[in-house]
Amino acid sequence: MAIEGTHIVQAAAFLGAGLSMGLGAIGPGVGEGLAAAKACEAIGKNPVEAGLLTRTMLVGQAVSESTGIYALVIALLLLFVV
Amino acid sequence: MEEIRKVQKRYCSIAITFAIFAGIIFFLFGLKPIGKGLILGTIFSIINFILMGETLPLKIGISRNRAGVYSFLSILSRYALLAIPLVLSIKLARFNIGATVCGLFMVQLVILTDEILHQFYFSNRKDLFFKPKKNRTKKLLWKN
Amino acid sequence: MEELGRIHQLIIPFFGHNMTFNLEVIVMTWIVFIMILAFGFFAAKNRRIIPGPVQIMGELFVNQLYGLTEDAMDKELGQKYGPLICALFLFLLLSNWAGLLPFMEEPTKDLNTPLSMGLMGFFIAHYAGIRAKGFKGYIKEYFEPIFFMMPLNLIGELAKVVSISFRLFGNIMGGSIIIMVVSHLTYSVLLPPFLNAFFTIFVGTIQAFVFTMLTIVYIAVQVK
Amino acid sequence: MTDDIQVWVKVAAFIGGGMAMGFGAIGAAIGEGYTAAKANEAIARSPQISGDLFKTMLLGQAIAETASIFALIIAMLLLFADFSNVSTLTISIFLSSGLCMGLGAIGSGIGSGLPTGEACTGIVRQPGMKNRITTIMLAGSAIAQSPAIFALVTSLILLFVDFTGRPVSPTWAAIIGAGFASGLGAIGSGIGEGLVAKSGCEGIARQPLAATRTTNVMLLGMAVTETTAIYGLLIACILIFKSFPAAESIASSMALLGAGLCMGIGAIGPGIGEGFTAQSAVKWISRSESSTAQLTRSMLVGQAVAESTGIYALVISLVLIFVI
């Protein structure tokens with residue numbers, strides 16, 4: 001089993017892609033969960049504004065998800081470009 | 001402590017009765033290893049349950065970290081005991097491994113089944129998935 | 001266990017390219033279409049003041065989904081997008097439940113179906129956004145915090161399609177693979193009926209609802 | 001050379017068994033420590049019902065220990081396995097199986113300790129509802145065991161599936177990746193489901209009249225929280241049952257290992273996050289009856305969105321398995 005330089009680079013890229021997406025999913029996952037938890041609390045206190053609160057929650061979650069999307073982009077770059 | 005003893009007596013007797021009945025049925029069908037394994041697993045499961053209850057009050061009155069360390073030690077010592085039937089059933093052909101594992105969870109199964117049966121058949125508390133009977137719940141609240 | 005990823009395919013050569021059709025998925029999709037059409041026909045056949053059982057089902061269903069849509073948007077837009085949402089939910093629900101019957105498979109088990117549903121929702125949401133805000137206002141949204149955030153906003157929009165369709169696909173596919181593995185292990189004795197009920201009825205319903213809900217909300221976010 | 005392999009297989013079995021037992025016991029110990037701390041407070045507040053509290057603790061602990069007994073079974077199977085007929089792949093199978101069960105037992109151990117502790121507090125607050133609270137606690141901790149059951153299924157499949165005839169080079173990575181995917185993936189869901197069950201117990205203790213809808217929403221939230229563990233199991237099954245062609249280069253092995261790690265680690269965060277969401281929703285549903293429908297809806301949407309990073313991890317792992 002001859003190990004060449006290009007193979008090692010490719011192997012590192014694949015492993016790195018997996019780790020990038022995996023580790024990058026932890027923070028946004030917990031953060032979005034907290035955002036949704038707070039939104040549920042607010043709806044519990046004031047059910048009349050449920051539609052507005054859900055929209056606000058989604059916008060906040062979309063912003064906090066952007067780090068997860070950066071991780072996705074990096075993983076895809078590592079997979080297909082490197 | 002009386003409460004614990006009562007609970008233990010109840011669940012352990014149900015578990016061992018069930019295991020012996022099932023074991024006899026397996027014996028009658030000629031599946032000796034399965035019956036033996038079931039009874040062996042259940043006996044050790046009951047010993048584990050009783051030891052768990054005995055060590056429970058010792059955890060009260062100490063800090064959370066010490067309780068964690070204490071539980072870790074208690075788990076390890078109790079599991080050394082639980083390993084005996086597993087090793088026996090792996091090494092000897094007389095005991096069926098799958099049946100032993102089923103026996104090890106007999107107490108847990110009995111607890112869960114008992115709770116579920118109580119919920120639906122043996123009591124008036126049928127309101128898990130239905131609307132609660134209002135007057136009954138109010139009476140409960142008044143009592144306290 | 002090798003049948004795990006196998007799909008019956010019809011491959012037709014077409015001017016040097018191979019066109020691939022997933023036969024089961026197409027047939028199952030058509031069966032679901034026919035079921036929806038039959039439901040709609042019988043619900044609306046003879047409408048009366050005192051409704052029959054099928055009409056009651058249809059009315060409840062439509063009322064609930066219109067209510068959901070009007071909650072998320074406003075009254076007028078809710079009336080406009082309600083039919084779409086009803087059709088989407090009914091299609092996904094029946095597709096997810098199709099696996100219950102013997103010799104039938106969920107069309108949503110193939111990635112093509114959820115992805116096309118997700119793309120449809122995506123295009124409708126953006127069309128609604130352009131209609132509501134005008135082209136200039138719509139474009140301006142992408143340069144929102146700072147102007148060079150544009151590519152990331154764009155990826156974020158595309159990631160919505162990926163996440164919404166892969167959520168449905170992953171759940172249904174995962175359920176069917178788990179049922180297959182467990183029935184392989186236990187020789188199809190005890191657990192598979194319960195697992196089948198859990199994954200098909202419960203998870204299928206929830207995922208259909210979540211998909212529909214997210215489509216509504218994406219449209220609502222674009223419109224507001 | 002065969003002796004050499006046998007030595008390594010033994011080493012792998014001992015390491016695997018040790019990891020299974022160690023991790024499994026740590027999770028259960030943390031959970032029980034939490035329970036003991038809560039029970040301390042409860043007994044200090046009303047010592048006259050300490051019998052009921054001990055009973056609740058005992059039942060809760062008996063159910064909560066299921067995950068670590070699973071770990072014990074896997075450890076014993078590994079330590080006393082048959083070492084006579086082994087190949088190079090057996091090394092990675094034993095390592096992966098132990099790792100999978102050990103990691104998978106952590107989440108459920110911690111998670112099922114949470115409702116038991118909360119049930120002790122709840123019984124002090126509302127002694128009349130003690131049967132109901134005990135039932136909900138038992139149901140919650142039994143459902144919180146399901147990620148550990150997924151990990152157990154993966155370990156057993158790894159131990160009993162016939163891998164002969166598979167090429168060594170990418171298959172070892174697929175096996176270890178499957179262990180990581182299922183084991184790490186179970187942590188987040190286990191803790192998350194524990195959080196949901198905890199707030200279910202709390203809600204029933206605070207608002208006994210709201211018991212029915214609290215229970216229903218709790219079960220719904222737990223079922224949705226479990227999906228990330230199901231993704232982990234899905235990737236593990238694909239990695240185990242798909243036969244990969246032999247490859248000389250290290251790159252394809254690393255792709256499979258990366259797929260497993262990606263799904264496993266990526267499922268932790270969404271699992272805990274979904275647990276937070278459902279916890280808050282259950283808590284507020286028990287307090288305000290009028291907003292049940294809105295809260296259930298927002299809970300489902302919030303959980304679905306919080307899950308999307310887990311889905312990106314699923315996509316990357318599928319790409320790593322099928323495209324590369």
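If only residues of region C:110-147 that are in a loop (DSSP other than H, G, I, E, B), of a type in the set (A, V, I, L, M, F, W, C) and more than 20 Å from C:G175 (Cα to Cα) are counted, the one that is modelled with the lowest pLDDT is C:I146. Scanning region D:304-314 for any residue that is more than 7 Å from every other protein chain (Cβ to nearest Cβ), in contact (Cβ under 8 Å) with a residue 40 or more places away in the chain and either within 30 Å of C:A220 (Cα to Cα) or assigned to a helix (DSSP H, G or I) (or both) turns up nothing.
Whenever a residue of region D:215-242 is within 11 Å of D:G271 (Cβ to Cβ) and more than 11 Å from chain C (Cβ to nearest Cβ), its partners that are surrounded by 23 or more Cβ atoms within 10 Å (Cβ to Cβ) and acidic (D, E), lying with C-beta atoms within less than 6 angstrom and at least six residues away or across chains, give the pairs D:T225/D:E193; D:T225/D:E274. When only residues in region D:1-40 that are within 14 Å of chain B (Cβ to nearest Cβ) and of a type in the set (D, E, K, R) count, which is most open to solvent (accessible area, probe 1.4 Å)? For region D:1-40, the residue satisfying everything is D:K38.
Scanning region D:244-292 for residues that are touching a residue at least 60 places away in the same chain (Cβ under 8 Å) and outside any helix (DSSP H, G or I) yields D:F244, D:P245, D:A246, D:A247, D:E248, D:A267. In region D:113-134, the count of residues that are open to solvent by 20 Å² or more (accessible area, probe 1.4 Å), free of Cβ contacts under 8 Å to residues at least 24 places away in the same chain and closer than 19 Å to D:D52 by Cβ is one or more.
Cβ-Cβ contacts under 6 Å between residues 6 or more apart (or on different chains), taken from a first residue in region A:11-27 that is on the phi < 0 side of the Ramachandran plot and more than 7 Å from chain D (Cβ to nearest Cβ) to a second residue that is part of a helix (DSSP H, G or I) and crowded, with 21+ Cβ neighbours inside 10 Å, are listed as A:A13/A:L78; A:G16/A:L78; A:S20/A:A71; A:S20/A:A75; A:G24/A:G68; A:G24/A:A71. Taken over region B:78-117, the residue count meeting the criterion of being within 9 Å of chain D (Cβ to nearest Cβ), charged (D, E, K, R) and either touching a residue at least 12 places away in the same chain (Cβ under 8 Å) or touching a His at 6+ places or on another chain (Cβ under 6 Å) (or both) is 1.
Please state which one of B:G41, B:G61 is at the interface with chain D (Cβ under 8 Å from one of its Cβ atoms) and either in a helix (DSSP H, G or I) or touching a helix residue (DSSP H, G or I) at 6+ places or on another chain (Cβ under 9 Å) (or both).
Exactly one residue qualifies, and that residue is B:G61.
Only a single criterion out of (1) more than 10 Å from chain D (Cβ to nearest Cβ); (2) under 18 Å from D:A64 (Cα atoms); (3) crowded, with 17+ Cβ neighbours inside 10 Å; (4) not acidic (D, E) is not satisfied by B:F72, namely (1). Total residues in region A:52-82 satisfying the condition of being closer than 16 Å to C:L214 by Cβ and open to solvent by less than 30 Å² (accessible area, probe 1.4 Å): the figure is 5.
Looking at region C:1-109, what helices (runs of 4 or more DSSP H) fall wholly within it and have at least 3 residues that are within 14 Å of chain D (Cβ to nearest Cβ) and closer than 20 Å to C:T205 by Cα?
Values: elements: C:23-44, C:53-72, C:75-97.
Filter on region C:1-109 gives C:53-72, C:75-97.
When A:E4, A:E49 are checked against the criterion of being under 26 Å from D:V319 (Cα atoms), of a type in the set (D, E), open to solvent by 50 Å² or more (accessible area, probe 1.4 Å) and over 19 Å from the mean Cα position of the chain (by Cα), a single residue qualifies: A:E4.
Before we move on, is D:G109 out of contact with any strand residue (DSSP E or B) (no Cβ under 9 Å at 6 or more places or on another chain) and farther than 30 Å from D:D4 by Cα? Yes; evaluated as a whole, the condition is true for this residue.
Restricting attention to region A:65-82, the residues that are at pLDDT below 85 and under 18 Å from D:V301 (Cβ atoms) add up to 1. Hey, among the residues in region A:28-46 that are open to solvent by less than 30 Å² (accessible area, probe 1.4 Å), under 20 Å from the mean Cα position of the chain (by Cα) and hydrophobic (A, V, I, L, M, F, W, C), which one's farthest from the other protein chains (Cβ to nearest Cβ)? Result: A:A39.
Counting only residues that are open to solvent by 50 Å² or more (accessible area, probe 1.4 Å) and without any contact (Cβ under 8 Å) to a residue 40 or more places away in the chain, region C:189-223 holds 7 of them. Scanning region D:278-298 for residues that are of a type in the set (S, T, N, Q), farther than 13 Å from A:A42 by Cβ and open to solvent by less than 10 Å² (accessible area, probe 1.4 Å) yields a single hit, D:S286.
Which one of B:I25, B:I47, B:I60 is of a type in the set (A, V, I, L, M) and more than 19 Å from D:G60 (Cα to Cα)?
B:I25
Here is a check on your reading of the model: is A:E65 of a type in the set (D, E, K, R), touching a Ser or Thr at 6+ places or on another chain (Cβ under 6 Å), at the interface with another protein chain (Cβ under 7 Å from one of its Cβ atoms) and assigned to a helix (DSSP H, G or I)? No: the conditions fail for A:E65. Of the residues screened, B:N48 is one that is buried (at least 18 other Cβ atoms within 10 Å of the Cβ) and at negative phi.
Looking at B:I14, B:I34 in this structure, which one is surrounded by 14 or more Cβ atoms within 10 Å (Cβ to Cβ) and either within 14 Å of chain D (Cβ to nearest Cβ) or at pLDDT below 85 (or both)?
Details: B:I34 fails: either within 14 Å of chain D (Cβ to nearest Cβ) or at pLDDT below 85 (or both).
Only one candidate qualifies: B:I14.
Scanning region C:77-121 for residues that are surrounded by fewer than 21 Cβ atoms within 10 Å (Cβ to Cβ) and of a type in the set (G, A, S) returns C:G78, C:G82, C:A87, C:S116.
The values are calculated or read from the model by the stated rules, or taken from the named source; none is laboratory data. In this text the structure is predicted, and so the values were computed from the model without any measurement. Neighbour counts are summed over all protein chains in view; Cβ atoms, including those assigned to glycine, are modelled from backbone coordinates with ideal geometry. When the accessible area is computed, the model is the full protein with side chains, heavy atoms only, and any ligands, DNA or RNA have been set aside. Shrake-Rupley method; radii C 1.70, N 1.55, O 1.52, S 1.80 Å.
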